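Visitor: One structure coming up, written as C-alpha cells, with questions to follow.
Readers should treat all values here as calculations from the given coordinates under stated rules, not as data from a laboratory. Just so it is clear, the model here is predicted, and its values are computed rather than measured. Counting neighbours? That spans all protein chains shown, and the Cβs are built from the backbone with ideal geometry, glycine included.
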Amino acid sequence: MLTVPEGRVTNSLLYEGKAKQIYTTDQPGVLLAVFKDDATAFNAQKRGTIQRKGQVNATISAHLFRKLTAAGIPNHFLDQPEPHALHLSQLRMIPLEVVVRNVVAGSLCTRTDLPRGQVLARPLVEYFYKNDRLGDPLLNNEHIALLGLVTMDELALIRTSALQVNEILSNFYQACGIRLIDFKLEYGWGDQGLTLGDELSPDNCRLWDMRDDRVLDKDRFRHDLGGVDESYQEVLARVLKL
Ligand code: UDP
C-alpha cells in the first residue's frame with residue numbers, strides 16, 4: 001500500500017506512470033513523486049513487484065541527484081520528505097529518452113549484432129521517442145528536427161550534459177565496485193534552462209558487479225534471473241557508503 005506524505009501536499013494526482021505517481025503540492029512549481037514497488041518491462045507486457053523498490057529507487061535517485069548538483073548539473077531534485085517520495089521542481093518535459101552506453105547490452109545487441117559486454121571505444125548517445133503507442137522508437141537528429149522536439153543547438157546541449165552525467169556516474173559507481181554499462185535520462189525545461197528530470201535508479205541503468213559482471217539491475221526482473229529484491233538492496237547499500 002502506498003502512502004502519500006502529508007505536508008506541502010495537496011494530493012492532487014497529476015500523472016501516474018508505470019513506476020511513479022506525480023502529485024501537485026501547495027507550492028507552485030513543486031511536485032511530489034511517489035515511487036511504487038510495481039515493476040514493468042517490455043512495454044508493460046511483463047508486470048510484477050520488487051520488494052521495497054519505491055524506497056530504494058527514491059533513495060538512490062536522491063543520492064545521485066545530490067552528487068550531480070554538487071558537480072553543477074542542473075536537475076529537478078529538491079528533497080526527500082519520505083523514504084519512497086521526492087519533492088521535484090516541475091519541468092516542461094522533452095519527449096526523448098536519452099540513452100548513454102559504455103558497454104554493449106540490451107537493444108544495442110539486437111539492433112547491431114555487436115556482442116554483449118563489448119566495451120565501446122567512446123560512450124554512445126542514442127535518442128528514443130518517448131511514445132508508448134509507437135514502442136519508443138530510435139530517432140536520429142533529422143527525425144528529432146522533423147518532429148520539432150528540440151532544436152539542433154538544444155540537442156547538442158542535451159548530448160553534452162548526458163556525457164557529463166555519464167562521466168560523473170561512471171566514476172561514482174566505479175568507486176562502489178560497480179560498472180555503469182548504460183542508462184536512460186530524461187530532460188525538461190525549467191527555471192535554470194535545460195534540466196535533468198526523471199530518476200536515476202537500477203530501473204533505468206544497467207549495473208554490473210565489477211568483480212564478476214553479476215547483473216544488479218532491472219535485467220534481473222526482465223529476464224527472470226532471480227534475486228531481484230536483493231540486488232536492488234545491494235546497489236542501495238553500496239551507493240550509500242559513498
Ligand atoms: N531504459 C529505460 N527505459 C526504457 C528503455 C530503456 O530506462 O523504456 C534503460 C535501460 O534500463 C537501459 C538503457 O535504458 O539501462 C538502454 O536500454 P536498451 O535500449 O538496451 O533497451 P532494453 O534492452 O532495456 O529494452
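Visitor: Give the residues of region 196-219 that are in contact with a Gly (Cβ under 8 Å, 6 or more places away or on another chain) and crowded, with 21+ Cβ neighbours inside 10 Å, sorted by residue number.
Guide: Answer for region 196-219, where residues must be in contact with a Gly (Cβ under 8 Å, 6 or more places away or on another chain) and crowded, with 21+ Cβ neighbours inside 10 Å: Gly197, Arg206.
Visitor: State which residue is farthest from the ligand (Cβ to nearest atom) when the search covers only region 161-219 and only residues that are touching a His at 6+ places or on another chain (Cβ under 9 Å), closer than 21 Å to Ala33 by Cβ and aliphatic (A, V, I, L, M).
Guide: Leu196
Visitor: On to the next question. Which of the residues spanning region 22-72 are among the small types (Gly, Ala, Ser) and touching a residue at least 24 places away in the same chain (Cβ under 8 Å)? Quick ask: steps written out before the conclusion?
Guide: We begin by selecting, within region 22-72, every residue among the small types (Gly, Ala, Ser); these are 29, 33, 39, 41, 44, 48, 54, 58, 61-62, 70-72.
If the condition is that a residue be among the small types (Gly, Ala, Ser) and touching a residue at least 24 places away in the same chain (Cβ under 8 Å), then Gly29, Ala33, Ala39, Ala41, Ala44, Gly48, Gly54, Ala58, Ser61, Ala62, Ala71 are the ones that fit.
Visitor: While we're on this one: Which of the residues spanning region 101-137 are over 14 Å from Lys184 (Cβ atoms), more than 17 Å from the chain's Cα centre (by Cα) and assigned to a helix (DSSP H, G or I)?
Guide: Cys109, Thr110, Arg111, Thr112, Arg133, Leu134
Visitor: Within region 220-232, work out how many residues are surrounded by fewer than 20 Cβ atoms within 10 Å (Cβ to Cβ) and within 12 Å of the ligand (Cβ to nearest atom).
Guide: If we filter region 220-232 for residues that are surrounded by fewer than 20 Cβ atoms within 10 Å (Cβ to Cβ), which is where we start, we get 222-227, 229-230.
Then drop every residue that is not within 12 Å of the ligand (Cβ to nearest atom), which leaves 222-223.
Number satisfying all stated conditions: 2.
Visitor: Any idea which residue in region 123-145 is farthest from Asn43 (Cα to Cα), counting only those that are away from the ligand (no atom under 14 Å from the Cβ) and in contact with a strand residue (DSSP E or B) (Cβ under 9 Å, 6 or more places away or on another chain)? Walk me through it before giving the result.
Guide: So the first thing to find is which residues in region 123-145 are away from the ligand (no atom under 14 Å from the Cβ), and the list is 140-145.
Now drop any that are not in contact with a strand residue (DSSP E or B) (Cβ under 9 Å, 6 or more places away or on another chain), which leaves 140-141, 143-144.
Values: Asn140: 21, Asn141: 24, His143: 22, Ile144: 22 Å.
Here the answer is Asn141.
Visitor: Still on this structure, please answer the following. Keeping to region 111-121, report how many residues are more than 12 Å from the ligand (Cβ to nearest atom) and either hydroxyl-bearing (Ser, Thr, Tyr) or out of contact with any strand residue (DSSP E or B) (no Cβ under 9 Å at 6 or more places or on another chain) (or both).
Guide: If we filter region 111-121 for residues that are more than 12 Å from the ligand (Cβ to nearest atom), which is where we start, we get 113, 115, 117-121.
Okay, now just the ones that are also either hydroxyl-bearing (Ser, Thr, Tyr) or out of contact with any strand residue (DSSP E or B) (no Cβ under 9 Å at 6 or more places or on another chain) (or both), so 113, 115, 121.
So the answer is 3.
Visitor: For region 90-100, name all the residues that are surrounded by 14 or more Cβ atoms within 10 Å (Cβ to Cβ) and part of a strand (DSSP E or B).
Guide: Within region 90-100, Met93, Leu96, Glu97, Val98, Val99, Val100 meet the criteria.
Visitor: Right, another one. Go through (1) in a strand (DSSP E or B); (2) closer than 23 Å to Leu14 by Cβ; (3) of a type in the set (Phe, Trp, Tyr) one by one and return the number of the condition Phe65 breaks.
Guide: (1)
Visitor: Is at least one residue of region 154-164 over 29 Å from Val239 (Cβ atoms), within 21 Å of the chain's Cα centre (by Cα) and in contact (Cβ under 8 Å) with a residue 40 or more places away in the chain? Give the steps one after another, and end with the answer.
Guide: Residues of region 154-164 over 29 Å from Val239 (Cβ atoms): 154-156.
Retained after the next criterion (residues that are within 21 Å of the chain's Cα centre (by Cα)): 154-156.
The next check asks that each one be in contact (Cβ under 8 Å) with a residue 40 or more places away in the chain; those that pass are 154.
For region 154-164, residues over 29 Å from Val239 (Cβ atoms), within 21 Å of the chain's Cα centre (by Cα) and in contact (Cβ under 8 Å) with a residue 40 or more places away in the chain: present.
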